[in-house]
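Structure, as structure tokens:
The values are calculated or read from the model by the stated rules, or taken from the named source; none is laboratory data. Predicted model, so just to flag it, every value in this text is computed and none were measured. Cβ coordinates were reconstructed from backbone atoms using ideal geometry, including for glycine residues, and neighbour counts include every protein chain displayed.
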Amino acid sequence: MPGRSSSAAGAAALAPVERVAALLEQAERVLGRLEQLLSPGVPQPDWDAAVAFRWRRRGTQAWLQPVAQPAVIRFSDLHGVDEQKARLERNTRQFVGGRPANNVLLTGARGTGKSSLVKACLQAFASKGLRLVEMDKADLVDLPELVELVRGRRERFIVFSDDLSFDQGEPGYKALKSVLDGSVAGTADNLLIYATSNRRHLLPEYMRENLEATHDESGEVHPGEGTEEKVSLSDRFGLWLSFYPFDQDHYLRIAEHWLQAFGLSEQQARAAHAEALLWALERGSRSGRIAWQFARDYCGRKRR
């Protein structure tokens, strides 16, 4: 009898807590609906004002901001990534031509040209109707709104998300997953997603998840399904392009290219090899970005 009465008392104590939790959940739903009603729709931008845009949000307002001077990068500026360049150019050409094409995930070593290749696509195909929309990871929750905004437009849109990765439970993850797979509304046929990341699996995987996988009463019944969920987002990109660290010769070729682009002769660019290698050694990395930074510094010093 004492045990039974204490159980009843515990249940009674929990009841108010559960009621409060239910009320809070209901209030949250109401506030969410109210925010949707009060939130103004995304205004149509001046599509002729630019070929590149950034998605912006402030409070309940969202809009596309034209980029007056997008970065000018050409495919010819990118060296040592010929296969990746060819595959991305081909995919984008198919897309601009109205043929089937894939969403693209570019992964690998930092500074190897992943973002630059996407920007080069805009430079190559803007005259054929390609438009680039840059979205930060935090704004991907608005991706369905962007899809509806551009649906039916004559232009072809690439949504570009740079340095993409997610932590468990981030809201943009589900929105991106839905658009990549196609929701019940269907994905706009004039929109693709190009994303870059330093890792192929966009959700982190932890060793402790393997160590904690048990088959007792406290363990997950199907732990493998949790792991599959973590890699499933990457699988939704139809085209994967991998980038690898540069060797010394590759790095020096890129440094020579940028030195000449900044006005040096071929002979002068080759004479800078020793300084280019020292620069990379001090930075602890050999990459296209490091080579470009060296060229800017070197040419700036030589033009005193």
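Working only within the range 87-116, note down all residues that are aliphatic (A, V, I, L, M) and either more than 17 Å from the chain's Cα centre (by Cα) or closer than 14 Å to Val159 by Cα (or both).
Within the range 87-116, Val96, Ala101, Val104, Leu105, Leu106 meet the criteria.
In the set Gln69, Gln44, Gln61, Gln84, which member is more than 20 Å from Glu155 (Cα to Cα) and at pLDDT below 90?
It is Gln61.
Consider only pairs whose beta carbons are under 9 Å apart and that are at least six residues apart or on different chains; among these, list those whose first residue lies in the range 291-302 and is surrounded by 17 or more Cβ atoms within 10 Å (Cβ to Cβ) and whose second residue is in a helix (DSSP H, G or I) and of a type in the set (Ser, Thr, Tyr).
Final answer for the pair search is Ala291/Tyr251.
Would you mind stating whether Leu202 is modelled with pLDDT of 75 or more and not acidic (Asp, Glu)?
Values: modelled with pLDDT of 75 or more: no; not acidic (Asp, Glu): yes.
So Leu202 does not fit the description; no.
Just to be sure I understand, how many residues within the range 262-278 are within 32 Å of the chain's Cα centre (by Cα) and closer than 12 Å to Gln248 by Cα?
Result for the range 262-278: 2.
Are any of the residues in the range 80-89 free of Cβ contacts under 8 Å to residues at least 40 places away in the same chain and either among the aliphatic types (A, V, I, L, M) or not in a helix (DSSP H, G or I) (or both)?
yes
Quick one: Phe160 ticks every box in (1) over 11 Å from the mean Cα position of the chain (by Cα); (2) under 26 Å from Gly59 (Cβ atoms) except a single one, so which number is it?
(1)
The rows are residues; the columns are (1) surrounded by fewer than 15 Cβ atoms within 10 Å (Cβ to Cβ); (2) small (Gly, Ala, Ser); (3) within 29 Å of Ala86 (Cβ to Cβ).
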| site | (1), (2), (3) |
| --- | --- |
| Asp247 | yes, no, yes |
| His250 | no, no, yes |
| Gln267 | yes, no, no |
| Ala271 | yes, yes, no |
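Output the residues belonging to the range 90-108 that are touching a residue at least 60 places away in the same chain (Cβ under 8 Å) and farther than 17 Å from His250 by Cβ.
Across the range 90-108, the qualifying residues are Asn91, Thr92, Phe95, Val96, Ala101, Asn102, Asn103, Val104, Leu105, Leu106, Thr107.
Going residue by residue through the range 45-52, is there one that turns out to be among the hydrophobic types (A, V, I, L, M, F, W, C), surrounded by fewer than 16 Cβ atoms within 10 Å (Cβ to Cβ) and more than 19 Å from the chain's Cα centre (by Cα)?
Within the range 45-52, one or more residues are among the hydrophobic types (A, V, I, L, M, F, W, C), surrounded by fewer than 16 Cβ atoms within 10 Å (Cβ to Cβ) and more than 19 Å from the chain's Cα centre (by Cα).
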